Amino acid sequence: MNIEEEPKKLTKPEQNRLGRQVIYDALSCETRLDDAIKEKSISGECSEAFKENPCENGPDIEGESLDLTGEDLVTMKASSWNQALIHMLANEAQKRVARLLDPGTYCDESTSWRGFFEKRIHQLLRQVAKSRERPGVEAASKKSRKDNASKISRNRKYHRRLDLAVIMQSISRENQDIKGMKYWAYVIRSICHLTEEGMSDEEEGIEDDEEIVFVHQIDFRHPDFRSLFDDVDNTRYNRPDIFDQRGRKRRRRVISQRIVEREPPSNLPPTYLRTTYLDAIHNGERRTVQLGDYDYPASEFLKSKQLPKEDRPAVEAYAANCHKVSQG
């Protein structure tokens with residue numbers, strides 16, 4: 001009996017070496033990847049020629065440069081030239097794999113070459129954007145843009161969590177799940193008390209060659225809310241029978257050591273605050289804030305929380321009433 005041989009694959013180190021060599025050749029790197037941003041950006045004439053005729057005036061496989069003319073990281077990432085360069089690098093890598101292994105016998109599905117090169121090119125562009133940071137008016141303008149982006153992000157997070165909690169509380173009620181109803185009622189209450197100012201800031205970063213999200217801490221919020229909101233956010237991914245799983249792949253989140261100073265909302269229950277923050281208020285080290293009525297600490301619900309058991313008829317009935325939400 002003939003047993004078909006499995007298609008050959010490159011090992012991870014081989015993939016990294018081959019991909020690195022493709023970038024080195026294309027961007028004239030001598031000893032390290034950073035050499036690519038020491039070269040000048042493509043000229044304005046080159047960029048205009050590419051826009052007029054991408055096929056004739058696109059990037060070559062050797063001696064090319066990145067488009068660094070964008071004013072910020074977002075613009076440079078969106079550059080049609082840089083996108084074409086990433087596409088070209090991916091095609092070149094696939095060609096080299098085909099030459100390295102016997103034609104028709106290799107399997108390259110395990111490697112997303114476009115993702116491989118996109119990650120590294122974006123890493124270079126991020127370095128360029130950071131190197132342009134200067135004091136003065138430009139720094140103030142950048143801080144203003146960053147603050148606005150943070151407010152928008154916190155607003156989205158606030159409404160996303162609140163919408164999810166309302167849906168889960170309704171399903172718990174339909175399932176007559178008392179624990180679930182109490183849990184989600186507390187989540188809704190805590191989100192409303194904390195407001196958008198009680199939602200954490202996030203920042204993109206790279207750790208061990210992986211794109212991640214750094215989650216910053218809030219100086220006034222009790223740290224137990226971090227675990228509580230992790231549970232809330234994970235509910236969307238743990239309940240595909242309720243929530244649409246389409247959309248951008250979720251990146252790993254890492255708690256950073258940065259603590260953001262922010263004024264707490266008024267009438268916040270004292271149990272929602274860090275004990276060190278409360279002590280600072282009592283000692284006159286922090287401005288006095290108006291505190292609200294007592295509420296349970298988040299730790300009580302971390303100990304007792306039980307996700308509602310799946311009740312398929314109730315879930316389907318709920319979805320039929322247009323309560324199925326998209327991933328936000």
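I need a count of the residues in the range 195-225 that are assigned to a helix (DSSP H, G or I) and in contact with a strand residue (DSSP E or B) (Cβ under 7 Å, 6 or more places away or on another chain). Give the steps one after another, and end with the answer.
Going through the range 195-225, the residues assigned to a helix (DSSP H, G or I) turn out to be 196-198, 224-225.
Next cut, in contact with a strand residue (DSSP E or B) (Cβ under 7 Å, 6 or more places away or on another chain) only: 198.
Of the residues in that region, 1 qualify.
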Discussion item. Any residue that is more than 14 Å from Leu228 (Cα to Cα), of a type in the set (Ser, Thr, Tyr) and in a helix (DSSP H, G or I) - is there at least one of those in the range 171-183?
Written reply: yes
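Please specify each residue of the range 124-146 satisfying the condition of being assigned to a helix (DSSP H, G or I) and modelled with pLDDT of 75 or more.
Going through the range 124-146, the residues assigned to a helix (DSSP H, G or I) turn out to be 124-131, 137-146.
Once the filter is applied, which keeps residues that are assigned to a helix (DSSP H, G or I) and modelled with pLDDT of 75 or more, the range 124-146 yields Leu124, Leu125, Arg126, Gln127, Val128, Ala129, Lys130, Ser131.
Filter the range 1-24 for residues that are at pLDDT below 70 and surrounded by 13 or more Cβ atoms within 10 Å (Cβ to Cβ); which is farthest from Glu62 (Cα to Cα)?
The initial filter retains those residues of the range 1-24 that are at pLDDT below 70, namely 1-8.
Next, only the ones that are surrounded by 13 or more Cβ atoms within 10 Å (Cβ to Cβ) stay: 7-8.
On the way: Pro7: 30, Lys8: 28 Å.
Per the stated criteria, the residue is Pro7.
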Item to complete: Consider Val74 carefully, then state whether it is β-branched (Val, Ile, Thr) and at pLDDT 85 or above.
Response: yes
Worksheet, complete the sentence: For Ile121, the lone unmet condition from (1) of a type outside the set (Phe, Trp, Tyr); (2) within 30 Å of Leu27 (Cβ to Cβ); (3) modelled with pLDDT of 85 or more; (4) under 17 Å from the mean Cα position of the chain (by Cα) is (4)
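The values are calculated or read from the model by the stated rules, or taken from the named source; none is laboratory data. Bear in mind that the values here come from a model prediction, so they are computed numbers and not experimental data. Virtual Cβ from ideal backbone geometry, glycine too; neighbours counted across all protein chains shown.
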